[in-house]
Amino acid sequence: MRHPIRVTALIAAAILLAACSAGPAATTAPSATAAASGVTSLPFADEMCGGSQSSPCKAGTYQTRQFKPAFSFTVHDGWRIARLTRTFVGAGETAIGIPLSPGTGEIVVTVPSSIEPPAPGDAGANVPADLVAWLASNKNFTLGAAEAVTIGGAAGQQLEGTVAADAKVDAQDAGGYRLSDYLLFKPGQHVRLAVLEIGGAQVVVATVAAAADWDAFVKVADPVIASITWLP
């Protein structure tokens, strides 16, 4: 039975207000983790737009508050936390995804709690132990061979390709294919799915855009991904 509960909201207002200056992020992923000093001075990711999705988004270096494993990242003006969906599983609220967007595409960092849930927060299938192999065989995508990738010093594998034209879409998800709570794709989109092993969890860093926007989007998305640093 489907329970399409969708509650869209911003995370509560942040406490720390100190902003960090932001220049262009490096084009290669850093390998060092953040030093303990300075981490607590970073504003939280939900401050990117001043607590409102309609507020101006400021360039800066931010860190996650609820999402684990915690990480920091650097963005230029115009990026924001995109389509934040809080989902309810039983009586508990989860925060298992960080979607970032400048409007032309999206970077989603998430630790899937289930695969192909019928609606956000609903029970889906268990996440397979080898998520990369499962993605490679998923008929809802047309993906190339897996390649080694390192993001923020964490190693994993990455697949790139497109969402199949006949992907299993759901009208309740606006005609999208829901891979997990925070990964909703439209047929024909270009996708890059990196799966990293961090602290025993399979962390997905997904880059998504319309095929026509992909080349332009990755030029601004890759520096953001390269700026990711996993925090203690």
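The values are calculated or read from the model by the stated rules, or taken from the named source; none is laboratory data. All values reported here derive from a predicted model rather than from experimental measurement. Backbone-built Cβ (ideal geometry, glycine too); neighbour counts: all protein chains shown. Accessible surface is based on the protein model in full, side chains and every heavy atom, while ligands, DNA and RNA are left aside. Shrake-Rupley method; radii C 1.70, N 1.55, O 1.52, S 1.80 Å.
General observations
Residue-by-condition table, conditions (1) among the acidic types (Asp, Glu); (2) in a helix (DSSP H, G or I); (3) within 20 Å of Leu100 (Cα to Cα); (4) out of contact with any Lys or Arg (no Cβ under 9 Å at 6 or more places or on another chain):
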residue	(1), (2), (3), (4)
Ala148	no, no, no, yes
Gly156	no, no, no, yes
Val208	no, no, yes, no
Ala216	no, yes, yes, yes
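- Residues that are part of a strand (DSSP E or B), at pLDDT below 80 and either closer than 22 Å to Asp215 by Cα or open to solvent by less than 30 Å² (accessible area, probe 1.4 Å) (or both) within region 86-123 comprise just one, Thr87.
- Test: residue in region 212-227 that is open to solvent by 10 Å² or more (accessible area, probe 1.4 Å) and of a type in the set (Phe, Trp, Tyr): yes
- The condition (being within 14 Å of the chain's Cα centre (by Cα) and farther than 19 Å from Ser101 by Cβ) is satisfied by just one residue among Ser137, Ser180, Ser113: Ser113.
- Scan region 124-181 for residues that are β-branched (Val, Ile, Thr), touching a Phe, Trp or Tyr at 6+ places or on another chain (Cβ under 9 Å) and either open to solvent by less than 30 Å² (accessible area, probe 1.4 Å) or under 25 Å from Ala70 (Cα atoms) (or both) and the total you get is 3.
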